[in-house]
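Asks: There's a structure below that I have some questions on.
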Amino acid sequence: MTYILSFIVAFGVAVIAGQVLIPLLRRLKAGQSIRADGPTWHMSKQGTPTMGGLMFILAMGTAVFVAGWDLTAQGQYNHIAVFLFALVFGVIGFIDDFQKLRHHANEGLTASQKFLLQLAASVAFTVILRQTGYLTPDLYIPFLDIEIVGIPWVAYMVFASFVMVATVNAVNLTDGIDGLATGVTIPVALFYLAVSAWYGRADLTIASAALAGGLSAFLVYNFHPAKVFMGDTGSLFLGGAVCGMAFALNIPLVIPVIGLVYVLEVLSDIIQVVYFKKTGGKRFFRMAPLHHHLEMGGWSEVKLFCVFSGGTLILCALAFLGVMNRYPM
């Protein structure tokens, strides 16, 4: 079973990479700058190495190449396409992280620069999936087991680009405390592994198993207290992988279910900003996004990790029931 090999390779590569990368990042003084307006107790994390996402990016790339060698030789490339799509977002994140480190600040690329780069990547990936025949202008609705057929391609492209950019930034926003984005995304990767196997998509079982393996190893270093942060390099890559797998499987509407934590995080941020402006400076939440609000209410980082990750695992199990009848075994 190639997906088992993929998981093992990714896990091993990420563990080894961590032993090399973390000391290197410390020597390069690639430390995280902590937001001044964040929780005061987070200031103790100032200087923790960032850009640790390179560990699971390297791990997933290696596993996809090794475990997917035979499939690639047979002309199947979707496991590679998903990885490269996520990698483009990882590169955007790397540029952002590099700018932050270069200027010793918490701001890198401008919002407009990140948006345009993410939009270009989303459009390109949608076109590639369409050309390979895996993406149709039909929209499958989980749980109801119905499909909206024949959506105009332009309208579908707008929809797809919106979902991709929104998902990537929502995952990025979730990466605010030790291990949170990692712990929430592991069940999502396992969900994609189960669905890919159920649908008979061996290429995507390799990609999803590689993602799960790399993240599982990264959690060894990223769990509280974190020895390294993934940075925008890692969180944007994860966002790309999450939405890339959904579109490669042609089930994008499952994202709000398996990624409910991502959705709640970004909604809390939007609500906070809108409420602040409308009320002349009042706050709806103690602090946004949601995980900071709960932290300010007394939740520990470990409790947040367990509740959010455990909740995502339950949602992923329910989501599997919602899509399993599309292509029954």
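The values are calculated or read from the model by the stated rules, or taken from the named source; none is laboratory data. No experiment lies behind these values; they were computed from the predicted model shown. Note that we place each Cβ from the backbone using ideal geometry, even for glycine, and neighbour counts take in every protein chain shown. Please note that ligands, DNA and RNA were not included when accessible areas were found on the heavy atoms of the full protein model with its side chains. Shrake-Rupley method; radii C 1.70, N 1.55, O 1.52, S 1.80 Å.
Asks: Taking only pairs six or more apart or across chains, which ones have beta-carbon atoms under 6 Å, a first residue in the range 66-81 that is surrounded by 18 or more Cβ atoms within 10 Å (Cβ to Cβ), and a second residue that is not in a helix (DSSP H, G or I)?
Replies: 79/68
Asks: Among the helices (runs of 4 or more DSSP H) contained in the range 234-305, which hold 1 or more residues that are of a type in the set (S, T, N, Q) and open to solvent by less than 70 Å² (accessible area, probe 1.4 Å)?
Replies: Working: elements: 255-258, 260-278, 290-296.
Passing ranges, in order: 260-278.
Asks: Return the residue satisfying two criteria in turn: it lies in the range 212-233 and is in a helix (DSSP H, G or I) and of a type in the set (Val, Ile, Thr), and of such residues it is most open to solvent (accessible area, probe 1.4 Å). Before the answer, list the steps.
Replies: Within the range 212-233, the first condition is being in a helix (DSSP H, G or I), and the residues that meet it are 212-222, 231-233.
Filter once more, keeping what is of a type in the set (Val, Ile, Thr): 220, 233.
Numbers: 220: 87, 233: 2 Å².
Per the criteria, the residue is 220.
Asks: List the number of the failed condition for residue 201; all other conditions in (1) surrounded by fewer than 18 Cβ atoms within 10 Å (Cβ to Cβ); (2) at pLDDT below 95; (3) closer than 30 Å to residue 71 by Cβ hold.
Replies: Every listed condition holds for residue 201 apart from (1).
Asks: Output the residue which, of all residues in the range 1-37 that are over 24 Å from the mean Cα position of the chain (by Cα) and under 15 Å from residue 226 (Cα atoms), is modelled with the highest pLDDT.
Replies: Across the range 1-37, the extreme among qualifying residues is 23.
Asks: Quick check, is residue 210 farther than 16 Å from residue 315 by Cβ and more than 11 Å from the chain's Cα centre (by Cα)?
Replies: Values: farther than 16 Å from residue 315 by Cβ: yes; more than 11 Å from the chain's Cα centre (by Cα): yes.
So residue 210 passes the test.
Asks: Looking at the range 60-78, can you tell me whether even one residue there is in contact with a Lys or Arg (Cβ under 9 Å, 6 or more places away or on another chain) and within 29 Å of residue 201 (Cα to Cα)?
Replies: yes
Asks: Still on this model: Of all residues in the range 279-326, which are modelled with pLDDT under 95, under 15 Å from residue 263 (Cβ atoms) and aromatic (Phe, Trp, Tyr)?
Replies: Those that are modelled with pLDDT under 95, under 15 Å from residue 263 (Cβ atoms) and aromatic (Phe, Trp, Tyr): none in the range 279-326.
Asks: Which one is farthest from the chain's Cα centre (by Cα), of the residues in the range 306-329 that are β-branched (Val, Ile, Thr) and surrounded by 16 or more Cβ atoms within 10 Å (Cβ to Cβ)? Step through it out loud before you land on a result.
Replies: The first filter runs over the range 306-329 and keeps only residues β-branched (Val, Ile, Thr), leaving 307, 312, 314, 323.
Still in the list and also surrounded by 16 or more Cβ atoms within 10 Å (Cβ to Cβ): 312, 323.
Details: 312: 13, 323: 21 Å.
The residue in question is 323.
Asks: Among the residues of the range 105-151, count how many are assigned to a helix (DSSP H, G or I) and over 30 Å from residue 327 (Cα atoms).
Replies: Initially, the range 105-151 is screened for residues assigned to a helix (DSSP H, G or I), giving 111-132.
Subsequent filtering for residues that are over 30 Å from residue 327 (Cα atoms) retains 111-120.
Summing the residues that are assigned to a helix (DSSP H, G or I) and over 30 Å from residue 327 (Cα atoms) in the range 105-151 gives 10.
Asks: Check off (1) without any contact (Cβ under 8 Å) to a residue 60 or more places away in the chain; (2) open to solvent by less than 50 Å² (accessible area, probe 1.4 Å); (3) farther than 17 Å from residue 244 by Cα for residue 137 and give me the number that stays unchecked.
Replies: Only one criterion in (1) without any contact (Cβ under 8 Å) to a residue 60 or more places away in the chain; (2) open to solvent by less than 50 Å² (accessible area, probe 1.4 Å); (3) farther than 17 Å from residue 244 by Cα is unmet by residue 137, namely (3).
Asks: For the range 72-87, what are the residues that are over 13 Å from the mean Cα position of the chain (by Cα) and in a helix (DSSP H, G or I)? Spell out how you get there, then give the answer.
Replies: Filtering the range 72-87 for residues over 13 Å from the mean Cα position of the chain (by Cα) gives 72-81, 84.
Scanning the range 72-87 gives 72, 73, 78, 79, 80, 81, 84.
Asks: Looking at the range 156-196, which of the residues that are of a type in the set (A, V, I, L, M, F, W, C) and either open to solvent by 50 Å² or more (accessible area, probe 1.4 Å) or not in a helix (DSSP H, G or I) (or both) is modelled with the highest pLDDT? Even if it seems obvious, please write down each step before you answer.
Replies: Our first condition is that a residue be of a type in the set (A, V, I, L, M, F, W, C); within the range 156-196, this holds for 157-160, 162-166, 168, 170-171, 173, 177, 180-181, 184, 186, 188-191, 193-195.
Right, trim to either open to solvent by 50 Å² or more (accessible area, probe 1.4 Å) or not in a helix (DSSP H, G or I) (or both) and you get 158-159, 162, 177, 190.
Details: 158: 92, 159: 94, 162: 94, 177: 92, 190: 98.
Checking each candidate, the answer is 190.
Asks: Go through 143, 98, 125 for me and flag whichever is modelled with pLDDT of 85 or more, of a type in the set (A, V, I, L, M, F, W, C) and within 17 Å of the chain's Cα centre (by Cα). Working first, answer last.
Replies: Numbers: 143 fails: within 17 Å of the chain's Cα centre (by Cα); 98 fails: within 17 Å of the chain's Cα centre (by Cα).
Step by step, each of 143, 98, 125 is checked, and only 125 is modelled with pLDDT of 85 or more, of a type in the set (A, V, I, L, M, F, W, C) and within 17 Å of the chain's Cα centre (by Cα).
Asks: Starting from residues that are under 26 Å from residue 26 (Cβ atoms) and out of contact with any Leu (no Cβ under 8 Å at 6 or more places or on another chain), keep the ones in the range 51-65 and report whichever is surrounded by the most Cβ atoms within 10 Å (Cβ to Cβ).
Replies: Taking the range 51-65 as the starting set, the residues that turn out to be under 26 Å from residue 26 (Cβ atoms) are 51-62.
Going one step further and asking which of them are out of contact with any Leu (no Cβ under 8 Å at 6 or more places or on another chain), we end up with 58-59, 62.
Numbers: 58: 17, 59: 28, 62: 19.
This residue is 59.
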